[in-house]
Structures are given as C-alpha cells and as structure tokens.
Amino acid sequence: MSQNVGKVALVAENIRRLCQSRPETAFYFQQLLNYINTNSDLPHGSAIPGIRAFHIYESRVQDTTTTATTRLKQVDFPPVDVDPGTWDPSLVVVQGHLCPEAVVELALLCNLPQFFLGFLELERVRLKFRNSYELPALPSRRGNIVNIRLVSLWRFNSPRSRDYLPVNVEPGERREADRACREYEKQLFEQYQAGATRFRKVHLHDSKHFTVEQSVSLCVVPGGKGGNGAPRWRTIFLLDGGRDLPGLFQYPWNSALRPPGLSPSLLSAVRYNERASSFSIDSTTNTISKAAAPVGENHFRMHPYDPLSVYGGVNGARLLSRPFFAVASVLASAAVSWNQVLNFIEEDIAKHQDVTDEETSSALAQVRFNAGVIQRFQGFIQLDLETIRDDSWHAMSISHGFGNWNNGNNLDEVEISLDKEQETTFAELVRDYESLVTRCKSLTSRCESSSSILQSAIGLLESQESRRQSEEVNKVTKLAFFFIPVSLVSSVFGMNVIEINPESVPSIWHFVVTSVLLLLLCVFLDLAYEWFSRASKGINILFRSYHFFRG
C-alpha cells in the first residue's frame, strides 16, 4: 500500500518537533519514524483491520424525562468520504497488532505520537541487541497516557485428566518459550499482521499450565462537544487481544509444551457466578447488547474486560466526561486477573513444600521461578497503584452536562451519583491493589522460606550422599588389608636376590605362612587403632566430666 504522503509527513513533523523539545527521546521516536515510513500490503483506502470507532450519544423518548439510553454508532475508520469536521468518534478500540497505517491515523486523531512507543515496543522486536533500557517517558511525564498489564491463565485439556498430569518444566524450555515469544512478535512486525493477537511474555508454570501477559494502553484526549456544548473526552484503547492466526504462526508455548493432540483453553478470570460475555452493537437501534460467550470459545484475548461494557450502560455517554472510569474499568479487570494467577501460584508453592528426596532439586527450581514471577507481577501492580493515585485522572473527570433536557434536577442527580460512584470506585481500587501488593510480598516471603527449607534439605541429602560415598571408600580400603600383605609377600619372594632366594627353592608353605602372619599383623594393627581411638574418646569424655563436676 502507498500511504497518504501528506498524513505521514504531518505525523513525522509532529515527531520531529517532540524530538527537539525532548532530545533524550530521539532514539525511540526515530524507530517510530522508521516504522510509519514502511509500507504494508493493505490496499489503499480500505478499512484497517482491528480498529473500531464509535460515536456515543444519548437519546430519550419524547414523553420521558427520567430515562436516557446510551447509543453507540460505529463509524468508519479511517473516515471515507466524510467531512473531517463532522467525523468525531468518542471511543476508538484497537485490537491486536498496529500496522504503520493504523499508527499514522491514530497519531493524527490523538496528536500524541508518544502514545504508541510503549505499546509497540519496537526496540524489543527490531534490534538484536538492545541499545537502551530506559522508558521513553517517566510516569510523571506521561500525563493522559497509561499502560496496564493484564495476565490470563491457560491450561491444556485432556479427555481424562488422569491421563495427563502436570510436571515441572525445565529452565531450557522456559528460555525457548521466551525466544519463541520474541520471534512471534518479530513476525507480526515483518509481515504487517494488522489486528493479530500479541503476547508480551509467556510464563510456563508446568507442562499443563501457562500464563500469558498482554497489555492495554489507554489515552484520553479532548474530543467533541456534549449535548449542551460542554467539552468531553475522546478515549482510545489499544488492546493486545485480537484475531487468531491459525496455521501461520507457532504460538510461543507450542515449542516447549503442546502435548500431542491437546489444545489450550482459557481459564476465565470471571467474578463469582459470572460467565464470560461478549458485547455487540445492534445496527438498528445503535444500542449495546451483552450475550454469553460461546462454549469452547478459544480466542487469545483478555477477559472479562471489554471497553464496550463500560460505555454501554445507562450513563455511558456521560462517562465520556470522566476518564477515570475508563482507567478504572481496565484496572478492575487487571486486578481480577492478577488475583487468579496469584491463587494458582500460591497453590503451586504449597504443592512444592512437601516433596520426595528425588524431587527436591526440581521443587527448588520451581519455587525460585515462582519467586521471580511474583516479583515481576508486583512491579506491574505497584505501577497500577501509582496510576490509581494519580491526581491527573481525577482532575480530568469534571462533571459536565450532556443535554438540555426538560428536567435538569434529574441530570444533577445523575452527576452527583457519578461523583459518588467515582469516589467509591477509587477507594475500592486502592484497597484491592494494596491487598495485591501485600499478597505479593507474603508469597515472596513464602517462596524465600520454602527455598531455604529446600536448600537445607538438599544440603542434608548431599551430606548423606558424601557419608555414603566415604563408607564405600572405607570398605574398599579394608579390602586392601587382604590384598596388600599377599602382594608384599609375592614381591619379596619374587626378588632375584640370593639372601632371599637361595639355591634351595622355598616351599609354597613358606609363602602361605608368611602371608597369613603378615595379614594377621595388619588386622591386629587395625583393631588396635580402632580400640585406641575409642579409648581416647572415652578418656576425653571422662576428663571433661571430671572437670565439669569438679568445677
């Protein structure tokens, strides 16, 4: 595809302007420039896969003043034969990999090229050796941009669970999964697979279970006007979950796991008594509908989070004035996913505290792996907690009216209700994430304790093995008492010396008697040494007891 040269030039100019104002970020923005200047195979003027844009508004029945219905109208992205002045999407959801054309269109929409740096992670997949390990912007300088990590737990299913019991994974298999994950990402970029599912990292817990890390990036920029002309925000979501690529790519866990004939299934991180759900837009009424996800659905997406669920409620259009709810919705889903994986890890730690002697070394490696995963997760959770406490999201969530309805008092009540809901949501998120941090610290402490116990057990086993080996050596040494005297006598009688070997050849009995006497002498000396050693120990004990009672 030949991209719109004017759009690319405009985005490139914005990026160069950022490089001039922040020279320390030039390294990262140069990679972004190189990426948007490449051409994919997407036909010119066609819709970009994986991107959905919606215009969110409220409608009321003429004779009703108390009930408003949120409507979501899907619009083309990028706009086709539409006046840019009238094209004003309130919500943009991007699923999967971003092709260069998508980056250009979204950069023009939000005017924040730095938004895509953390999501694309160009340096991670394009360079063989990383030249820098710094973030393109510190958290205090990101402003209205947030990156949130979500995890999902997967399991290989078997017709009969007893036929396939999980076993620990070797470190080499985990390294192979990491390499395959990077290779998968590299293929997405090289083949411009727009909208394809992305995987940030894969953690192999055992031969049956693994955890996938995926990312959600969120950006809020000033959008259009509300029903009464008040300003509102435009929200853009970048999700790793997208379309599957069956038959084209090897998923990162396939090389290390994937037992023959088995496929993984998602262990849904749903709340109690809640089923996995999917959201869709009714093209006739422009309203959102929620339906249970098909049984056996096997898409590599985050669950239960979907942006449409946030803005599809009764007051969905009013939430456009409150970016905090957009962030809170992602954080709430992330908290559920963190808690699910931590539950699994906690059970795994308990399982490896009671193992046999043969399994001790493998259990120690597994506990150390769990400790590393927990520390990694704790870092993401603490970053999320800082995002929750960031005052900028609360400052942007200012109440605005959304329509000149007949009954203004009801609108005021709705705004007051949303204010209270925001305060309650904030308090709940802080409490949940503080609890997650505390739990991570507790699990880390348990891992350290289990690691110490297992190391002590391994040390004891090694000392027992050394003692056993020394006893075996002692047995071999005692055998020398039988062979060395005989060998000595044979050597002496075999000497060609007249004093030892005169003309009269000695009888065989000379050899036997001499050997037996020498053997008895050696045995006597060995017994005498053992008796003397024991006697010395006894005498030392008597002397110590004497001095103890006397003193």
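The values are calculated or read from the model by the stated rules, or taken from the named source; none is laboratory data. Not measured: the values here are computed from a predicted model. Virtual Cβ from ideal backbone geometry, glycine too; neighbours counted across all protein chains shown. Quick note on the areas: whole protein, heavy atoms, side chains included, nothing else; ligands and nucleic acids left out. Shrake-Rupley method; radii C 1.70, N 1.55, O 1.52, S 1.80 Å.
So that you can scan it fast, the table gives a plain yes or no per residue for (1) in contact with a His (Cβ under 8 Å, 6 or more places away or on another chain); (2) at pLDDT 70 or above; (3) surrounded by 14 or more Cβ atoms within 10 Å (Cβ to Cβ):
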site: G50; (1), (2), (3): yes, yes, yes
site: R60; (1), (2), (3): no, no, yes
site: T66; (1), (2), (3): no, no, no
site: F77; (1), (2), (3): no, yes, yes
site: G85; (1), (2), (3): no, no, no
site: V94; (1), (2), (3): no, yes, yes
site: P100; (1), (2), (3): no, yes, yes
site: E105; (1), (2), (3): no, yes, yes
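Which of the numbered conditions does V367 fail, given that it passes all the others? Conditions: (1) out of contact with any strand residue (DSSP E or B) (no Cβ under 9 Å at 6 or more places or on another chain); (2) closer than 16 Å to L331 by Cα; (3) of a type in the set (V, I, T).
Condition (2) is where V367 drops out.
I need a count of the residues in region 161-216 that are on the phi < 0 side of the Ramachandran plot and part of a loop (DSSP other than H, G, I, E, B).
18
Looking only at residues in region 355-379 that are under 17 Å from V167 (Cβ atoms), assigned to a helix (DSSP H, G or I) and without any contact (Cβ under 8 Å) to a residue 60 or more places away in the chain, which one is least open to solvent (accessible area, probe 1.4 Å)?
E359
When both residues are 6+ apart or on different chains and their Cβ atoms are under 8 Å apart, which pairs have a first residue that lies in region 9-20 and is under 16 Å from E101 (Cβ atoms) and in contact (Cβ under 8 Å) with a residue 24 or more places away in the chain, and a second that is open to solvent by 30 Å² or more (accessible area, probe 1.4 Å) and not charged (D, E, K, R)?
L10/L108; V11/L108; A12/N37
Which numbered condition in (1) modelled with pLDDT under 80; (2) under 20 Å from V310 (Cα atoms); (3) in contact with a helix residue (DSSP H, G or I) (Cβ under 7 Å, 6 or more places away or on another chain) is the only one that S90 fails?
Of the numbered conditions (1) modelled with pLDDT under 80; (2) under 20 Å from V310 (Cα atoms); (3) in contact with a helix residue (DSSP H, G or I) (Cβ under 7 Å, 6 or more places away or on another chain), the odd one out for S90 is (1).
Taking the condition of being of a type in the set (A, V, I, L, M, F, W, C), modelled with pLDDT of 55 or more and open to solvent by 70 Å² or more (accessible area, probe 1.4 Å), how many residues in region 403-439 meet it?
The qualifying residues number 1.
Yes or no: R126 surrounded by fewer than 14 Cβ atoms within 10 Å (Cβ to Cβ) and at pLDDT below 75?
Values: surrounded by fewer than 14 Cβ atoms within 10 Å (Cβ to Cβ): no; at pLDDT below 75: yes.
Against the criterion (surrounded by fewer than 14 Cβ atoms within 10 Å (Cβ to Cβ) and at pLDDT below 75), R126 does not qualify.
Using beta carbons and a limit of 7 Å, which pairs, at least six apart or on different chains, have the first residue in region 30-55 and over 19 Å from E190 (Cβ atoms) and the second one in a helix (DSSP H, G or I) and at pLDDT 80 or above?
As it stands, the answer is I51/A102, since those pairs meet every condition given.
Regarding S329, is this residue closer than 27 Å to R243 by Cα and at pLDDT 75 or above?
yes
Any residue in region 508-521 that's closer than 22 Å to K478 by Cα and in a helix (DSSP H, G or I): show its pairings with residues that are polar (S, T, N, Q) and open to solvent by 80 Å² or more (accessible area, probe 1.4 Å) at Cβ separation under 6 Å, as long as the two are six or more apart or on different chains.
none
Got a sec? Which of S450, S466, S456 is open to solvent by 50 Å² or more (accessible area, probe 1.4 Å), at pLDDT 80 or above and under 35 Å from the mean Cα position of the chain (by Cα)?
S456
Kindly provide the set of residues from region 229-265 that are open to solvent by 30 Å² or more (accessible area, probe 1.4 Å), at pLDDT 70 or above, part of a loop (DSSP other than H, G, I, E, B) and among the charged types (D, E, K, R), ordered by number.
D244
For a quick check of your reading of the model, give me the residue pairs whose first member lies in region 141-154 and is closer than 17 Å to V327 by Cα and part of a strand (DSSP E or B), whose second is open to solvent by less than 20 Å² (accessible area, probe 1.4 Å) and acidic (D, E), with beta-carbon atoms closer than 9 Å and at least 6 apart or on different chains.
The qualifying pairs are V146/D384; I148/D384; R149/E213; R149/D384; L150/E213; L150/D240; V151/E213.
Considering only region 516-524, I want to know if a residue exists there that is open to solvent by 80 Å² or more (accessible area, probe 1.4 Å), modelled with pLDDT of 70 or more and aromatic (F, W, Y).
yes
Can you find, within region 323-354, the residue that is nearest to L418 (Cα to Cα) among those that are open to solvent by 40 Å² or more (accessible area, probe 1.4 Å) and outside any helix (DSSP H, G or I)?
So the residue we want is Q353.
Considering every residue within region 385-402, establish whether at least one is in a helix (DSSP H, G or I), open to solvent by less than 50 Å² (accessible area, probe 1.4 Å) and closer than 19 Å to V212 by Cα.
There is no residue in region 385-402 that is in a helix (DSSP H, G or I), open to solvent by less than 50 Å² (accessible area, probe 1.4 Å) and closer than 19 Å to V212 by Cα.
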